[in-house]
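A quick write-up on the structure given underneath.
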Amino acid sequence: MYSKEFKELVEKGVKEQFYIGTGNPNANILFIGKESAIHSTNTIARNWYDSNAQSWATHINTNSCEILEYFVDNNHPLRASWGKNTWSKYQKLSDFIRDKESEPYYVDFLKHTFTTEINDAPMKRTSEAEKSSIIQRKLLFKNSKFIQDFPVVVLACSDYFQNNDNIREIDDIFGVTYCGDEEGKFPYNKGNWFFLHYSPDRKKLVIHTRQLSADVKDEMLEEMGKVIRKFMIDNGYIKE
């Protein structure tokens, strides 16, 4: 049910006590966010986060999986901020990728993607998050075959990754290069943008964008979804 590469990452995560992620490890799309938005006083959510690697180890041992689709009812913690929170934006992007009509307050993107965070220090507000683990986390991702094997990676973490004239973190970590402004630059406004990076054989697509929450434009998510959908059709991952 689970790949050797995923099992190796989980085993390492249990030993070193780091967060693995959530969703479908056998999917072709990886979403990487900044950090989990968990308040420091939310002990239930913190315990869930801290036990993530061990939870995956249990799923591996019992040949089971997480709950990958559910309705966000009135009592669900995501309900109040639905439409602005990251989960709702991930869902909308996934719907665009699959050319699917969105269902109100419904999550099923986890069936089609795996999600994780580049900062293994959850905090409700990014400005208050401890960021010292990010360097080590980047090395983990670079050296993890599980992470590297995803043909589509969405880096929804803004300036947590640098790719400029002097520092090429995305190129170095994921083995891709920016395809140039004419093809790869999608600016909408100061807070809405994404850039395309491909492997030399064009079999891997890495998209760098902002954190997908709050005032992310639907038109940007739609265009990003079209780019990913075309890539997946061209490479045989989904049928047109």
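Within the range 21-46, can you find the residues that are modelled with pLDDT of 95 or more and surrounded by fewer than 16 Cβ atoms within 10 Å (Cβ to Cβ)?
Asn26
Kindly provide the set of residues from the range 31-51 that are under 24 Å from Gln148 (Cα atoms) and under 16 Å from the mean Cα position of the chain (by Cα), ordered by number.
Phe31, Ile32, Gly33, Lys34, Glu35, Ser36, Tyr49
Identify the residue in the range 130-140 that is in a helix (DSSP H, G or I) and without any contact (Cβ under 8 Å) to a residue 40 or more places away in the chain and, among all such residues, is surrounded by the most Cβ atoms within 10 Å (Cβ to Cβ).
Filtering the range 130-140 for residues in a helix (DSSP H, G or I) gives 134-140.
Subsequent filtering for residues that are without any contact (Cβ under 8 Å) to a residue 40 or more places away in the chain retains 134-136, 138-139.
On the way: Ile134: 20, Ile135: 9, Gln136: 12, Lys138: 16, Leu139: 11.
The selected residue is Ile134.
Give me a count of the residues in the range 1-37 that are more than 19 Å from Thr86 (Cβ to Cβ) and of a type outside the set (Val, Ile, Thr).
Of the residues in that region, 19 qualify.
Residue pairs, Cβ under 9 Å, 6 or more apart or interchain, first in the range 16-32 and without any contact (Cβ under 8 Å) to a residue 24 or more places away in the chain, second buried (at least 22 other Cβ atoms within 10 Å of the Cβ) and assigned to a loop (DSSP other than H, G, I, E, B). List them.
Once the first residue is without any contact (Cβ under 8 Å) to a residue 24 or more places away in the chain and sits in the range 16-32, no partner that is buried (at least 22 other Cβ atoms within 10 Å of the Cβ) and assigned to a loop (DSSP other than H, G, I, E, B) comes close enough.
Among residues belonging to the range 160-178 that are free of Cβ contacts under 8 Å to residues at least 24 places away in the same chain and in contact with a Lys or Arg (Cβ under 9 Å, 6 or more places away or on another chain), point out the one that is surrounded by the most Cβ atoms within 10 Å (Cβ to Cβ).
Tyr178
Would you check which residues across the range 178-195 are touching a strand residue (DSSP E or B) at 6+ places or on another chain (Cβ under 6 Å) and within 24 Å of Ile134 (Cβ to Cβ) and list them?
Tyr178, Trp193, Phe194, Phe195
So, of the residues in the range 189-200 that are loosely packed, with under 14 Cβ neighbours inside 10 Å and of a type outside the set (Gly, Ala, Ser), which turns out to be modelled with the highest pLDDT?
Taking the candidates together, the pick is Pro200.
In the list Phe6, Phe18, which residue meets the criterion of being buried (at least 16 other Cβ atoms within 10 Å of the Cβ), out of contact with any Phe, Trp or Tyr (no Cβ under 9 Å at 6 or more places or on another chain), closer than 14 Å to Phe146 by Cβ and at pLDDT 95 or above?
Details: Phe6 fails: out of contact with any Phe, Trp or Tyr (no Cβ under 9 Å at 6 or more places or on another chain).
Every option except Phe18 fails the conditions.
So, Ser127, is that one modelled with pLDDT of 95 or more and either of a type in the set (Gly, Ala, Ser) or surrounded by fewer than 19 Cβ atoms within 10 Å (Cβ to Cβ) (or both) or not? I'd like the intermediate steps shown before the answer.
On the way: modelled with pLDDT of 95 or more: no; either of a type in the set (Gly, Ala, Ser) or surrounded by fewer than 19 Cβ atoms within 10 Å (Cβ to Cβ) (or both): yes.
No: the conditions fail for Ser127.
Okay, residues lined up against (1) more than 18 Å from the chain's Cα centre (by Cα); (2) under 26 Å from Lys100 (Cβ atoms):
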{"position": "Val176", "(1), (2)": "no, no"}
{"position": "Leu196", "(1), (2)": "no, yes"}
{"position": "Ser199", "(1), (2)": "yes, no"}
{"position": "Ile207", "(1), (2)": "no, yes"}
{"position": "Arg210", "(1), (2)": "no, yes"}
{"position": "Ser213", "(1), (2)": "no, yes"}
{"position": "Val216", "(1), (2)": "no, yes"}
{"position": "Leu221", "(1), (2)": "no, yes"}
{"position": "Met224", "(1), (2)": "no, yes"}
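The values are calculated or read from the model by the stated rules, or taken from the named source; none is laboratory data. Please read all numbers here as calculations on a predicted model, not as lab measurements. Reconstructed Cβ throughout: ideal geometry from the backbone, glycine too, with neighbour counts over all protein chains shown.
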